[in-house]
1. Pick from region 92-104 the residues that are aliphatic (A, V, I, L, M) and assigned to a loop (DSSP other than H, G, I, E, B): which of them is farthest from THR139 (Cα to Cα)?
2. Please find, within region 52-79, the residue that is surrounded by the fewest Cβ atoms within 10 Å (Cβ to Cβ) out of those that are in contact (Cβ under 8 Å) with a residue 40 or more places away in the chain and not in a strand (DSSP E or B).
3. Name, by its number, the condition in (1) touching a residue at least 60 places away in the same chain (Cβ under 8 Å); (2) surrounded by 18 or more Cβ atoms within 10 Å (Cβ to Cβ) that does not hold for TYR142.
4. I need every pair where a residue in region 119-139 that is surrounded by 12 or more Cβ atoms within 10 Å (Cβ to Cβ) has its Cβ under 6 Å from the Cβ of a residue that is basic (Lys, Arg) and outside any helix (DSSP H, G or I), sequence separation at least 6 or different chains.
5. Let me confirm something: among ARG41, ARG3, which residue is modelled with pLDDT under 50 and of a type outside the set (A, V, I, L, M, F, W, C)?
6. Could you list, in sequence order, the residues of region 80-91 that are of a type outside the set (A, V, I, L, M) and either surrounded by fewer than 15 Cβ atoms within 10 Å (Cβ to Cβ) or in a strand (DSSP E or B) (or both)?
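The values are calculated or read from the model by the stated rules, or taken from the named source; none is laboratory data. The structure presented is a predicted model; accordingly, all values stated were derived computationally and were not measured. Cβ atoms come from the backbone with ideal geometry, glycine included; neighbour counts cover every protein chain shown.
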Amino acid sequence: MRRLAVAGAMAVGAMPLVGAAPVGSLDVALDHLRSAKGSIRVCLTADPDNFPNCIDDRHAVTRSIPAAQHSFRFGALPRGDYAIAVIHDENDNAKLDTFAGIPKEGFGFSRNPPIRFGPPRFTAARFTLDSDAETQQVTMRYIL
């Protein structure tokens, strides 16, 4: 009888939770990297107020990967709206270097919005994760 109770409890534990939030994965591929030097620093956020920096966003997902790696995956993300900001930190000093406010290192955003004066708004880079798997292709840009 005890085995039956344990088996029943295990079966219930293996069932998906009713009402659990659906999740998906996000594959990100980077195009036009100028070199394999340094690191790629990535910020994924759902908070428009913290895009593109993600500094005060405790829910943001940040990654740092070698610049030789041109793709990566975010797994188990709740479905919803997100935006991605990427910098190519060629000298590995953990920041986007600028000269007179102009980026000296590469940068990119989800949906590849046009760049005018300063970074795009969240709405320009926003995409919706609404399935089990999504892909974003980010084209890196270099000004100097």
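1. Only one residue fits best here, namely ALA100.
2. Of everything passing the filter in region 52-79, ARG79 is surrounded by the fewest Cβ atoms within 10 Å (Cβ to Cβ).
3. Condition (2) is where TYR142 drops out.
4. ALA125/ARG111; PHE127/ARG111; LEU129/ARG79
5. Testing whether each residue is modelled with pLDDT under 50 and of a type outside the set (A, V, I, L, M, F, W, C) leaves just ARG3.
6. Scanning region 80-91 gives GLY80, ASP81, TYR82, HIS88, ASP89, ASN91.
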